[in-house]
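Structure, as structure tokens:
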Amino acid sequence: MGDINVYTGPMKCGKSQKIFNEMDRQIIAGKKVLLFKPSIDDRAGKDFVYSRTGRKIDAINIDSIDELKNFQADDYFIDEFQFLKGNIDTIEEMATEGKKFYIAGLNLTSEKKVFGKMGELMCIADKVEKMTSICEVCKSENAIFSYFKGEKNQEIVIGDKEYVPVCRKCYEELVSKNRSI
């Protein structure tokens, strides 16, 4: 039996680094691992995932969860899962068949709504680690939300510079004053 491990939280909390660390462990264990990312996420280039520490690893671009069935590995690593479309049952079926998943993604949009399929994923996961960031307003260590600094002219704006991690108090203050940082 496989399992599903999810790392979630706001921007800049170390989700990608977490899956990189686990990839290293599984490679040492002799496992065949593959890293996937949504095609829509081209912030730093198309064919790799990077961490804020500067590390980058080759990745396979996909648009749908269902595409995972086309690849053979022991362990599947997925970054920025919130952008993927498709059927969450694919991951459940593959885990039942013995595949392991390590998945990173934002749990909430900047409007505090469940982001994409993350809610469904967390419900079927064997383990969910909710991570926190440093609030970029007050510098507390419990930033749990991502705040959009600019003006949205489309539903999803992908980027690192447009969002900042904030704690609950600072999020509410920013939203109530409709402020930019």
>> Using the alpha carbons of the chain, what is the convex hull volume per residue in cubic angstrom, as a whole number?
In response: 113 Å³
>> From the phi angles alone, apply the Karplus equation (6.51, -1.76, 1.60; θ = phi - 60°) to region 48-54 and give each ³J(HN,Hα) in whole Hz, x where the residue is Gly or Pro.
In response: 7, 10, 10, 10, 5, 7, x
> For the residue pair Asp126 and Lys149, what label-to-label distance in nm results when each label sits 7 Å from Cα along the Cα-to-beta-carbon direction?
Replying inline: 4.0 nm
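Past 30 Å, Cα to Cα: identify those pairs from Lys32/Lys85; Lys31/Lys139; Lys85/Lys130; Lys32/Lys149, in the order given.
Lys31/Lys139; Lys32/Lys149
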> FRET efficiency for Arg55 and Cys138, Cβ-Cβ distance as r, R0 = 30 Å, nearest 0.05?
Replying inline: 0.55
> With point charges of +1 on the Cβ of Lys and Arg and -1 on the Cβ of Asp and Glu, referenced to the Cα centre of the chain, which listed residue (Thr96, Val175, Ser51) lies farthest in the positive direction of the dipole?
Replying inline: Val175
> Which order do peptides 61-68, 73-80, 45-52 fall in by mean Cβ count within 10 Å, highest first?
Replying inline: 73-80, 61-68, 45-52
> In nm, to one decimal, how far is the modelled label at Ser176 from the one at Lys69, with both set 7 Å along Cα→Cβ?
Replying inline: 5.0 nm
> Got a sec to turn the phi values of region 62-70 into Karplus ³J(HN,Hα) couplings, 6.51 cos²θ - 1.76 cosθ + 1.60 with θ = phi - 60°, whole Hz, x for Gly and Pro?
Replying inline: 9, 10, 10, 4, 4, 5, 4, 4, 7
> Lys85 versus Ile40, label points 7 Å from Cα toward the beta carbon: distance in nm?
Replying inline: 0.9 nm
> Rounded, prolate or oblate: which fits region 1-71, taking a ≥ b ≥ c as square roots of the Cα gyration tensor eigenvalues, rounded meaning a/c under 1.5, else prolate when a/b beats b/c?
Replying inline: rounded
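Read the figures in this text as sums done on the coordinates, not as results from a lab. If you're wondering where the values come from, they're calculated on a predicted model, not measured in any experiment. As a convention, Cβ positions derive from the backbone with ideal geometry for all residues, glycine included, and neighbour counts pool all protein chains shown.
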